[in-house]
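Please read the structure below before turning to the comments.
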Amino acid sequence: MAGTGLTKPFSFIDFYSRRVRRIFPSLIFCLLTFLVLGWFILLPDEYRLFGKHTLGASAYVSNFILWSESGNYFQTASNTKPLLHLWSLGIEEQFYLIWPLVLFIVYKLNFNIFTLALVGAFASFGFELRYVHDNPTAAFYSPFLRFWELMAGSLLAWLKLYKGEMFTGIANRVGPYPSSLLLRSPDKSYSVRLCGNILSVIGLAMILTAVFALDNKDFPGYKALLPVMGAVLMIAAGKDAFLNRCLLSNRVMVWFGLISYPLYIWHWPFLSFAWIVGGEMPQLKVRIGCVVLAVIMSAVTYYFIEPSLRWGRYGGFKATGLLSVMILIGAIGYSIERHNGYTVRINEADQPVLDAISKRLDEDNNRCLSIMPEWNSLSDVENTCLISRAPDEITIALIGDSHSWHLYPGLLSQIGNNEGVAVFPGSCAIPLIGLHSAASPKDVKRFPIRANTEHLLSEGFNYILSHRNVKKVVLSHHPGCSWNNVVDTFHPENHDFDSILHNGFIRTYDSLTKAGKEIYVVLDNPHYAAAWTKCSASVAHRPVSVPDLFTQKNVRICFIKQSDRRDRKMVDNWNKVAHETAAGFKNIHFIDLGQVFCEKGICSMLDEKGNLLYRDAGHLNIRGSIYAAPFVINELRKK
């Protein structure tokens with residue numbers, strides 16, 4: 001803004017037009033390319049997520065989308081998000097949207113711009129230090145908590161532009177001291193250059209330390225000072241500093257600098273697509289190939305896409321056209337998400353049945369929200385409440401965590417005309433009255449919705465107990481969620497886990513029995529940990545076949561010994577307490593999903609035709625839910 005103001009009045013329209021012409025062409029080209037590739041390569045769930053992230057990228061709010069998913073940037077699952085890296089572009093554009101307006105207002109009010117920027121940078125950094133421990137996801141993705149990094153550059157630019165002589169004066173006064181220490185015959189005229197050399201060396205050392213020595217724990221926080229201040233020092237050193245002149249001004253480095261923005265846009269989607277298809281980190285030769293391909297596409301973008309759109313006449317018309325195309329891309333992303341990744345691309349015999357059930361889930365969620373309107377806002381997409389028919393027609397109710405939700409689609413396909421089913425799930429929620437699981441301060445900081453789960457399940461139990469037509473209640477839970485991580489809200493002073501679990505079962509059995517309910521406790525399905533991603537890649541029926549170079553097919557990884565289950569100890573303890581507390585009750589039954597997915601001590605993620613039954617390491621997909629449903633319904637209908 002200051003630079004523009006030196007020659008002509010500053011124009012917001014011109015500023016934002018130049019931003020659009022600078023940023024949009026590369027991103028549009030990349031998004032369109034991977035939307036097409038995704039159509040042919042990605043499975044519906046993968047393409048649906050890609051559509052959602054495309055919508056976020058088109059609006060430059062990727063950081064908010066990822067923040068809402070409560071994801072950790074450094075988690076393994078993050079490798080399967082091809083547009084993950086655009087979180088930083090979102091923050092940058094949010095800064096460029098807000099900061100010029102703030103500067104304009106401050107300028108008009110005759111405040112000191114530098115002082116305001118300095119205070120703003122310190123406030124942003126201070127709040128980041130506050131949140132990096134309490135809410136690391138917010139510390140990473142929140143624009144306000146990352147603005148200080150961009151404001152550091154703003155402050156340096158202001159100083160260079162308006163206080164340039166100050167740098168020279170400081171160098172002239174300070175320079176002789178290091179000169180006398182480092183040089184045999186110090187030359188006073190060399191003082192300024194020596195100071196620049198020292199700054200650039202320190203700056204590069206800070207950046208390299210950040211690259212090779214820092215881990216991701218408690219990042220950004222204080223750790224972000226290293227790369228940010230390192231970059232500030234190297235820029236402040238000026239073009240005549242030795243490292244800047246000999247290293248950064250090298251032709252190869254300059255060329256990579258020219259394509260740096262397109263390379264930033266292109267590099268991660270190629271690597272992520274390779275990870276998705278292979279189900280694990282790609283082979284070294286594949287990773288190298290992805291990087292080379294990203295460099296080629298970056299060069300193509302820089303030499304053939306950007307020039308005609310970024311430069312030349314009719315800048316306003318070009319910016320308007322680019323903005324229109326980006327809005328269209330956002331609409332395409334929304335459509336992909338809305339249509340569940342366009343399952344029509346998949347040639348599966350049972351796909352129409354799966355699509356019909358998916359559509360029905362939205363209808364059933366709306367029916368539940370008409371009774372419990374706050375549910376979705378207090379939960380997440382994996383734990384929406386669902387009611388299949390009018391409230392007085394519901395005969396079966398599932399309650400628990402997402403492991404109760406994943407049984408619902410299958411039951412929906414099996415229930416008779418005189419039956420109705422409902423599900424009341426909460427994230428990692430234990431389906432025992434008065435117990436609150438996975439809601440420690442650490443859990444709630446990472447997953448804020450878990451603060452609501454005991455309230456949600458109380459609402460679910462109130463519904464079940466108040467509706468006499470609900471005859472059968474299914475308690476379903478992944479024991480790993482509550483393992484040594486549960487509070488008895490009736491007796492918060494009790495910290496003995498088995499005692500808490502025992503009291504919760506007795507309390508729940510008593511309440512449901514007095515209400516005349518038949519109780520069914522689900523003994524959880526097998527969990528497969530990291531094996532799921534490799535199994536999924538080995539058996540996935542993608543729209544087009546993928547070369548074996550990208551996939552290491554190994555169907556054996558889809559099977560595990562029942563004794564090798566990672567959650568064995570937790571499951572055994574849950575099953576033991578559930579059985580012990582059921583003694584004396586004649587209305588309590590057990591549904592062992594191990595009988596569905598395991599045979600002779602071997603558990604499988606596949607059906608007899610080789611179709612994948614899981615959507616992740618522990619949750620059934622719709623096909624898996626349908627696969628388990630006959631067994632579950634048979635148990636529910638036993639006299």
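A compact table of results
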read-out: Within the chain, helix-based [θ] at 222 nm, where runs of 4 or more DSSP H residues each add -39,500 (n - 2.57), nearest 500; value: -18500 deg cm²/dmol
read-out: Area accessible to solvent at Met570, 1.4 Å probe radius, in Å²; value: 50
read-out: Kirkwood Rh and Cα Rg combined as Rg over Rh, evaluated for the stretch 435-498; value: 1.02
read-out: Using distinct alpha-carbon pairs, which all enter the 1/r mean, Kirkwood radius of the stretch 199-296 in Å; value: 15.6
read-out: Förster radius 35 Å - calculated FRET efficiency between Asn112 and Lys239 (Cβ-Cβ, nearest 0.05); value: 0.75
read-out: Where no second cysteine Cβ lies under 4.7 Å, the cysteines concerned in the chain; value: Cys30, Cys195, Cys246, Cys290
read-out: Helix 351-369 axis, angle to the chain major axis (alpha carbon atoms, nearest 10°); value: 90
read-out: Spacing of the two label points (7 Å from each Cα toward its C-beta) at His579 and Leu156, in nm; value: 6.6
read-out: Span from the the stretch 565-637 Cα centroid across to the the stretch 284-346 one, whole angstrom; value: 45
read-out: Kirkwood-type radius of the chain, with distances r between different C-alpha atoms, in Å; value: 28.2
read-out: In sequence order, calculated HN-Hα J values of the stretch 61-69 (Karplus, 6.51, -1.76, 1.60; Hz; x Gly/Pro); value: 10, 4, 4, 6, 4, 5, 4, 5, 7
read-out: Cα Rg, Dmax, the stretch 533-639, angstrom units; value: 17.0, 59
read-out: The chain, accessible surface, carbon-and-sulfur percent (1.4 angstrom probe); value: 62
read-out: Sequence of Lys81, Lys517, Lys534 when ordered by accessible area, the most exposed leading, probe 1.4 angstrom; value: Lys534, Lys81, Lys517
read-out: Cα centre as origin, Lys/Arg/Asp/Glu Cβ charges: the stretch 456-520 dipole, Debye; value: 500
read-out: Under 5 Å, built H, 5+ apart or other chain: amide partners of Leu620; value: Arg615
read-out: Inverse mean reciprocal Cα-Cα distance (Kirkwood Rh) of the stretch 353-396, Å; value: 11.0
read-out: Heavy atoms of Ser538: accessible area, 1.4 Å probe, square angstrom to 10; value: 10
read-out: Extension reserve of the His502-Phe40 stretch, reckoned as 0.36 nm per residue once the Cα distance is removed; value: 161.2 nm
read-out: For the stretch 371-521, convex hull of alpha carbons as volume per residue, Å³; value: 101
read-out: Kirkwood hydrodynamic radius over Cα pairs of the stretch 99-151, then Stokes diffusion coefficient at 10 °C and 1.306 mPa s, in µm²/s; value: 136
read-out: Semi-axis lengths (Å, descending) of the ellipsoid that matches the C-alpha gyration tensor of the stretch 333-425; value: 23, 17, 11
read-out: The stretch 61-150, accessible area per residue, ligands and nucleic acids excluded (1.4 Å, Å²); value: 48
read-out: Solvent-accessible area of Val353 with every protein chain in place, 1.4 Å probe, in Å² to the nearest 10; value: 80
read-out: Amide H within-cut-off set for Gly426, under 5 Å, with H built and near neighbours excluded; value: Gly400, Asp401, Ser402
read-out: log₁₀ of I(q)/I(0) at q = 0.16 Å⁻¹ - the stretch 34-170, Debye sum with one point per alpha carbon; value: -0.89
read-out: Phi-based couplings in Hz for the stretch 613-618 (Karplus 6.51, -1.76, 1.60; Gly and Pro marked x); value: 9, 10, 9, 7, 5, x
read-out: Phi-based couplings in Hz for the stretch 529-545 (Karplus 6.51, -1.76, 1.60; Gly and Pro marked x); value: 6, 5, 5, 4, 4, 5, 5, 4, 5, 6, 10, 4, 9, 7, x, 10, 5
read-out: Solvent-accessible area per residue, Å², over the stretch 592-636 with all protein chains present [probe radius 1.4 Å]; value: 40
read-out: Principal axis box of the stretch 247-401, alpha-carbon based, largest edge first, Å; value: 75, 45, 34
read-out: Label-point gap, in nm, between Ser88 and Lys609 - each point 7 angstrom along Cα→Cβ; value: 4.5
read-out: Dipole magnitude of the chain, debye to nearest 20 (Cβ charges: Lys/Arg +1, Asp/Glu -1, about Cα centre); value: 2120
read-out: Flagged links, alpha-carbon separation over 19 Å, of Lys160/Lys223; Lys217/Lys445; Lys223/Lys445; value: Lys160/Lys223; Lys223/Lys445
read-out: Under 5 Å, built H, 5+ apart or other chain: amide partners of Ile591; value: Val521, Val522, Leu523
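The values are calculated or read from the model by the stated rules, or taken from the named source; none is laboratory data. What you see is a predicted model, and the numbers here were worked out from it, not measured in a lab. Using ideal geometry, Cβ is built from the backbone for each residue, glycine included, and neighbour counts are taken over all protein chains shown. We work out accessible area using only protein heavy atoms, side chains counted, and drop any ligands, DNA or RNA first. Shrake-Rupley method; radii C 1.70, N 1.55, O 1.52, S 1.80 Å.
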